[in-house]
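Notes for the one structure printed next.
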Amino acid sequence: MSDTREPCRLYLITPPALPDLDTFVQTLTRTLNAGDVAALQIRLKDVDDDTVRRAIDAIRPVAQDRDVAVILNDRPDLAAENGCDGVHVGQEDAPYATARKIMGPDAIVGVTCHDSRHAAMEAAEAGADYVAFGAFFETTTKDTETRADVELLKWWQDVMTVPCVAIGGITPDNGRPLVEAGADFLAVSSGVWAWPEGPEEAVRKLNALMRD
């Protein structure tokens with residue numbers, strides 16, 4: 001990792017379903033209080049727009065009050081409409097240019113690039129605020145068709161300055177090699193929420209491995 005880069009930070013992703021929003025908000029509050037978190041991506045699957053809006057309304061103030069950027073997955077329209085700090089788009093979602101137009105010049109727009117150097121360079125050159133590579137490990141959070149290698153992170157740090165996010169099956173037990181390879185952020189979902197010792201301890205352990 002280049003000495004000129006900032007230390008790696010945690011990019012937290014919500015569980016894909018929040019059946020009890022009030023309980024999750026309480027858990028989230030304790031989790032964000034447990035250590036440094038740079039961003040929180042709201043990633044809800046197979047729910048209607050009103051459910052997403054309610055989740056944003058409940059989650060956004062908790063995160064933003066702690067200087068945690070709120071990123072909505074997939075939907076730049078709902079992100080802009082509901083006061084999110086940014087949006088994350090995949091290769092099958094709204095194109096970067098569309099997301100940027102909707103979100104405006106000051107919002108965060110990140111792009112999934114899987115294991116593609118070409119897609120990542122295109123996104124960075126277009127103006128993306130970060131690119132996301134993965135999956136690096138087996139993950140139960142989403143179906144993955146690609147597997148990224150740590151060499152991809154090393155290459156990115158050698159050729160580009162746009163931050164990169166490592167995603168996919170990351171836990172406090174396996175994240176250290178990704179930090180060493182040059183990940184600017186570790187995107188973690190079940191590795192926090194399903195951590196046996198609880199999400200607060202997972203955040204503490206992830207913070208520790210990123211500082212060592």
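The values are calculated or read from the model by the stated rules, or taken from the named source; none is laboratory data. Model, not experiment: these values are computed from the prediction. Ideal geometry is used to build each Cβ from the backbone, glycine not excepted, and the neighbour counts take in all protein chains shown.
Checked against (1) surrounded by fewer than 21 Cβ atoms within 10 Å (Cβ to Cβ); (2) under 19 Å from Asn207 (Cβ atoms), Pro172 meets all criteria but (1).
Each row is one residue, and each column tells you yes or no for (1) modelled with pLDDT under 95; (2) of a type outside the set (Val, Ile, Thr).
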| residue | (1), (2) |
| --- | --- |
| Pro76 | no, yes |
| Gly83 | no, yes |
| Gln91 | yes, yes |
| Thr98 | no, no |
| Lys101 | no, yes |
| Val109 | no, no |
| Gly127 | no, yes |
| Asp143 | yes, yes |
| Val150 | no, no |
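Taking the criterion of being within 17 Å of Pro7 (Cα to Cα), out of contact with any Pro (no Cβ under 9 Å at 6 or more places or on another chain) and surrounded by fewer than 20 Cβ atoms within 10 Å (Cβ to Cβ), the only residue of the range 185-209 that qualifies is Asn207. Just wondering, is there one or more residues in the range 51-69 that are at pLDDT 95 or above, outside any loop (DSSP other than H, G, I, E, B) and loosely packed, with under 13 Cβ neighbours inside 10 Å? For the range 51-69, residues at pLDDT 95 or above, outside any loop (DSSP other than H, G, I, E, B) and loosely packed, with under 13 Cβ neighbours inside 10 Å: present.
Please go through the range 169-212 and pick out each residue that is among the hydroxyl-bearing types (Ser, Thr, Tyr) and in contact with a Ser or Thr (Cβ under 6 Å, 6 or more places away or on another chain).
Ser189, Ser190
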